[in-house]
Amino acid sequence: MTREARHIVALTVLAASIQLPFLDEGISLLDEGSILTISSELAAGDVLYRDQITFVAPLINELLSALFRIFGEWLVVARLLQASLFVATVLLGYAVLRPALGSGWAFGSAVAVIALKPLGFPLYTIVNYSQLGMALILGALAAGLRFTETGRTRWLLTAGFLCGFCLLAKQNLGVISVCVVSTALLRDAWPGSSFRALAAQGLILLGAAAVPLVVAGGLYASAGALGEVARLVLIRALEAHEDWIIPVPPLWPWGGGPEAGALLYAYLPGTLADLQFQGLLKVGSFPALLLEWAVKLAYVVPLAAIVGLGVRTFRGRSQATRREVLDASLLVGAVLAFMSMLYRADWAHLSNIAPLLILATAAAASPRRALGVSALTGWLALGFVAAGAMGISQRQTVDTPRGKIAGLVHKADQLERVLRWSESVDPERSVAFLPAQPLLHFLSGRSLPLSVDLIVSWTVKEPEDRRLAEELANVDLVVFDPHGVPWVGGELLDFAPRFAEVMARRFEPVEVVSPAAIVLERRESDPPWAMVVDLWSRSPQDQREVWLAYRTIAPPISEAAPRSCVRHALRPQRRHELVARPLFDPKTWARDYRGIWFPDPAAARFEILVDSEDGSSSVEYRETLEAGVPPRAVSVPLGRWAGETVELALCVELEPGSSGFAPVGWAEAAVVEAAETR
């Protein structure tokens, strides 16, 4: 067995065996959940982009749906697909570097890629389109480099086909794949080859890349979805989303305050961020300081490698060697990959492009092996720390209808509660897990009743909002997470106003299953009244909140200022009523988890007063409610003040014993006219 063969066997065994402890780990409600749920719906007969709306390129969903049809809709099927992609990424990284840098250096670099298993967790474990795209980039580059060595057209055709599939896996990575292979061709040809020969190579590359795209386009056209493909995959994916942006980590010291905690959570590897969440890694401690600087180096070292490759490439000899072709290709790939990550530069998105950055760093450091070995040692040490962090985290396994899954205790506990609740609900009743918990659809075996699985600002625009509002009106139950999506802004009311209105008017909270699962049940008809004055829109801007989908007036109260009122002057008519819902922020409804997000308010008093022109004041509603009580509608007839200018006061007051900030308010407060009296 040759040395190269031994390396390939060793890398395969190592990359495959490291998967075993991770195979059922990681609860990804959004990222993996979206792919699993959409793929499950496709396996049942839906057409992507026509029946299931997403701006994600189609390959991962179509591939996984095909595997579901063959092997069944099990979580392990998706995890084994991801494990296979990880092994392929490691081996292709070795294949890219070995011809130019030697088998030993390529082997060490491939081991650095293996370290992404704990460092990128849950990525490279959960099924994801970015890792599919990265494997295809490396495959295309390896084939392109092989063509420059042999001149055999089949390698150029292979590179082109893989670029086409990469475009179908993830749009920006597909563009990068074409650029890195084109760079290899250009650097290999310059300056000796003719323009005609180079143009012929380019046509072969682009022609081969077009084949998968044309076939996919034909299939979607035959299903009547080609227009949606263009709108969602080509146009929508290019739109910028300001509420989705996370900048690169600041290089100055982060300190030990709340801001440092948020920075660590965004930029630490996932297993280490889990330690911080569990209180096992203290902000401002010496270990946290070491990890802070290790993370900064993980961003800075690839940039230094890019500079080094750039200098070496532009100072290179006129006649290209294997190393110079490799350097130029990895330089372009690393620059484009890093730029593609800047819109959301947290650790997860750095991990997505890390294989390409690792190869670029290995190539840049190859003339100075001691420097490269030092970087590799530090990277592997960080990998061991990340793996050890998983070992000491408090984790729990949950049995689901689609197989076992494990995660942090609090996530696993909430997941198990929701799945047990789902088992108790009639399978014929439709359930939507909102706003972005599609994993629950897959693990519970409940079909998605909406055409969009993620109700967030970057997936829902005006056309989707209109369609989703119509679909939601026929859903029986909604399970809503009041915490929203971490690191993603945008209020439901702002980007999906029709959808939010249906939720607020047609759905009533009936049960709290967990802190992340409030059950709302659909009423058969809208409330029997017509809006006259929307008090929420007339309230001060800093007092407007959206809790669940309820537009809520939340007067600021605290222990220092325990009472606050919002006042509105108006002239009611004889058939007018004031309607409102007194409530606490839904984040406080789950009693056994209260105090995690807010201090635990014991109770609050809610009052509605009407102040007349003659100076008298009438208390029309007064009730003391505990924090865990879901809201119920309150109605105050205003007919006896008809024609008189009055001031309505919606007041909240902390009960003695409550402390800190109490998130309380009045939901959907409005003056209405009862329909049956109009």
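The values are calculated or read from the model by the stated rules, or taken from the named source; none is laboratory data. Small disclaimer: the values here were computed from a predicted structure and weren't measured. Neighbour counts run over all protein chains shown; Cβ positions are idealised from the backbone, glycine included. Keep in mind that these areas ignore ligands, DNA and RNA; they rest on the heavy atoms of the full protein, side chains included. Shrake-Rupley method; radii C 1.70, N 1.55, O 1.52, S 1.80 Å.
Answer yes if at least one residue in region 467-479 is within 23 Å of the chain's Cα centre (by Cα), in a loop (DSSP other than H, G, I, E, B) and of a type outside the set (Gly, Ala, Ser), and no otherwise. Checked against the condition, which is being within 23 Å of the chain's Cα centre (by Cα), in a loop (DSSP other than H, G, I, E, B) and of a type outside the set (Gly, Ala, Ser), region 467-479 yields no hits at all.
Does region 158-178 contain any residue that is under 20 Å from ALA5 (Cβ atoms) and either assigned to a helix (DSSP H, G or I) or of a type in the set (Val, Ile, Thr) (or both)? Explain how you work it out, then say what you get.
Going through region 158-178, the residues under 20 Å from ALA5 (Cβ atoms) turn out to be none.
No.
Candidates in region 490-521 are the residues that are crowded, with 20+ Cβ neighbours inside 10 Å, in a strand (DSSP E or B) and free of Cβ contacts under 8 Å to residues at least 60 places away in the same chain; of these, the one that is farthest from the chain's Cα centre (by Cα) is PHE507.
Inspect all residues belonging to region 298-313 and state whether any of them is in a loop (DSSP other than H, G, I, E, B) and either buried (at least 20 other Cβ atoms within 10 Å of the Cβ) or on the phi > 0 side of the Ramachandran plot (or both). Among the residues of region 298-313, not one is in a loop (DSSP other than H, G, I, E, B) and either buried (at least 20 other Cβ atoms within 10 Å of the Cβ) or on the phi > 0 side of the Ramachandran plot (or both), which makes the answer no.
The single condition from (1) outside any loop (DSSP other than H, G, I, E, B); (2) open to solvent by less than 30 Å² (accessible area, probe 1.4 Å) that TRP254 fails is (1). Determine, yes or no, whether ALA580 is part of a strand (DSSP E or B), open to solvent by less than 50 Å² (accessible area, probe 1.4 Å), within 19 Å of ARG622 (Cβ to Cβ) and modelled with pLDDT under 90. Criteria not met by ALA580.
The set of residues in region 1-34 that are at pLDDT 95 or above, of a type in the set (S, T, N, Q) and closer than 13 Å to ALA78 by Cβ contains only SER34. For ILE405, are the conditions met, namely being β-branched (Val, Ile, Thr), within 23 Å of the chain's Cα centre (by Cα) and under 17 Å from PRO302 (Cβ atoms)? Considered against the rule, which asks whether it is β-branched (Val, Ile, Thr), within 23 Å of the chain's Cα centre (by Cα) and under 17 Å from PRO302 (Cβ atoms), ILE405 comes out as no. Condition check for TYR265 on (1) more than 22 Å from TYR129 (Cβ to Cβ); (2) in contact (Cβ under 8 Å) with a residue 24 or more places away in the chain; (3) open to solvent by 20 Å² or more (accessible area, probe 1.4 Å); (4) touching a Pro at 6+ places or on another chain (Cβ under 9 Å): one failure, at (2). The set of residues in region 71-82 being open to solvent by 10 Å² or more (accessible area, probe 1.4 Å), assigned to a helix (DSSP H, G or I) and either of a type in the set (Val, Ile, Thr) or under 16 Å from ILE126 (Cα atoms) (or both) consists of VAL76, VAL77, LEU80, LEU81. Considering the conditions (1) under 15 Å from GLU501 (Cβ atoms); (2) open to solvent by less than 10 Å² (accessible area, probe 1.4 Å), ARG466 is excluded by exactly one of them, (2). If only residues of region 608-653 that are without any contact (Cβ under 8 Å) to a residue 60 or more places away in the chain and in contact with a Cys (Cβ under 8 Å, 6 or more places away or on another chain) are counted, the one that is most open to solvent (accessible area, probe 1.4 Å) is LEU609. Any chance region 411-419 includes a residue that's in a helix (DSSP H, G or I), within 21 Å of the chain's Cα centre (by Cα) and polar (S, T, N, Q)? Yes: one or more hits. The residue of region 33-52 that is surrounded by the most Cβ atoms within 10 Å (Cβ to Cβ), among those that are assigned to a helix (DSSP H, G or I) and among the aliphatic types (A, V, I, L, M), is ILE38.
Screening the candidates ALA230, ALA237, ALA200, ALA221 for the property of being assigned to a helix (DSSP H, G or I), in contact (Cβ under 8 Å) with a residue 24 or more places away in the chain and not hydroxyl-bearing (Ser, Thr, Tyr) yields one hit, ALA237.
Just the residues that are of a type in the set (A, V, I, L, M) and in a helix (DSSP H, G or I), please, taken from region 5-32.
ALA5, ILE8, VAL9, ALA10, LEU11, VAL13, LEU14, ALA15, ALA16, LEU20
Within region 408-422, the set of residues being closer than 27 Å to VAL510 by Cβ and open to solvent by less than 20 Å² (accessible area, probe 1.4 Å) comprises ALA412, LEU415, VAL418, LEU419, SER422.
If you go through region 316-363 and keep only what is β-branched (Val, Ile, Thr), touching a Ser or Thr at 6+ places or on another chain (Cβ under 6 Å) and either under 21 Å from LEU297 (Cβ atoms) or modelled with pLDDT of 95 or more (or both), you end up with just VAL332. Here ALA320 meets each of (1) in contact with a Phe, Trp or Tyr (Cβ under 8 Å, 6 or more places away or on another chain); (2) assigned to a helix (DSSP H, G or I); (3) over 21 Å from VAL113 (Cα atoms) with one exception, condition (2). For region 665-672, the criterion of being surrounded by fewer than 21 Cβ atoms within 10 Å (Cβ to Cβ) and either among the charged types (D, E, K, R) or at pLDDT below 80 (or both) is met by no residue.
The set of residues in region 522-542 that are assigned to a loop (DSSP other than H, G, I, E, B), open to solvent by less than 70 Å² (accessible area, probe 1.4 Å) and not small (Gly, Ala, Ser) comprises ARG523, PRO527, LEU535, TRP536, PRO540.
Within region 147-179, track down each residue that is in contact (Cβ under 8 Å) with a residue 12 or more places away in the chain, over 26 Å from the mean Cα position of the chain (by Cα) and open to solvent by 10 Å² or more (accessible area, probe 1.4 Å). Spell out the reasoning first.
Here is the first cut: in region 147-179, the ones in contact (Cβ under 8 Å) with a residue 12 or more places away in the chain are 147-149, 153, 155-179.
Cutting the leftovers down to over 26 Å from the mean Cα position of the chain (by Cα) gives us 147-149, 153, 155-162, 178-179.
PHE147, THR148, GLU149, THR153, TRP155, LEU157, THR158, PHE161, LEU162, VAL178, CYS179, listed by residue number.
Answer yes if at least one residue in region 443-454 is in contact with a His (Cβ under 6 Å, 6 or more places away or on another chain) and either in contact (Cβ under 8 Å) with a residue 60 or more places away in the chain or on the phi < 0 side of the Ramachandran plot (or both), and no otherwise. Checked region 443-454: at least one residue is in contact with a His (Cβ under 6 Å, 6 or more places away or on another chain) and either in contact (Cβ under 8 Å) with a residue 60 or more places away in the chain or on the phi < 0 side of the Ramachandran plot (or both). Residues in region 362-380 that are assigned to a helix (DSSP H, G or I) and either open to solvent by less than 50 Å² (accessible area, probe 1.4 Å) or in contact (Cβ under 8 Å) with a residue 60 or more places away in the chain (or both): ALA362, ALA363, ALA364, ALA365, ARG369, GLY372, VAL373, ALA375, LEU376, GLY378, TRP379, LEU380. Restricting PHE55, PHE68 to those that are in a helix (DSSP H, G or I), aromatic (Phe, Trp, Tyr) and touching a residue at least 24 places away in the same chain (Cβ under 8 Å) reduces the list to PHE68. Residues being crowded, with 18+ Cβ neighbours inside 10 Å, of a type in the set (A, V, I, L, M, F, W, C) and farther than 19 Å from PHE507 by Cα are entirely absent from region 423-438.
Residues of region 103-122 being surrounded by fewer than 24 Cβ atoms within 10 Å (Cβ to Cβ) and either touching a strand residue (DSSP E or B) at 6+ places or on another chain (Cβ under 9 Å) or hydroxyl-bearing (Ser, Thr, Tyr) (or both), which ones? Across region 103-122, the qualifying residues are SER103, PRO122.
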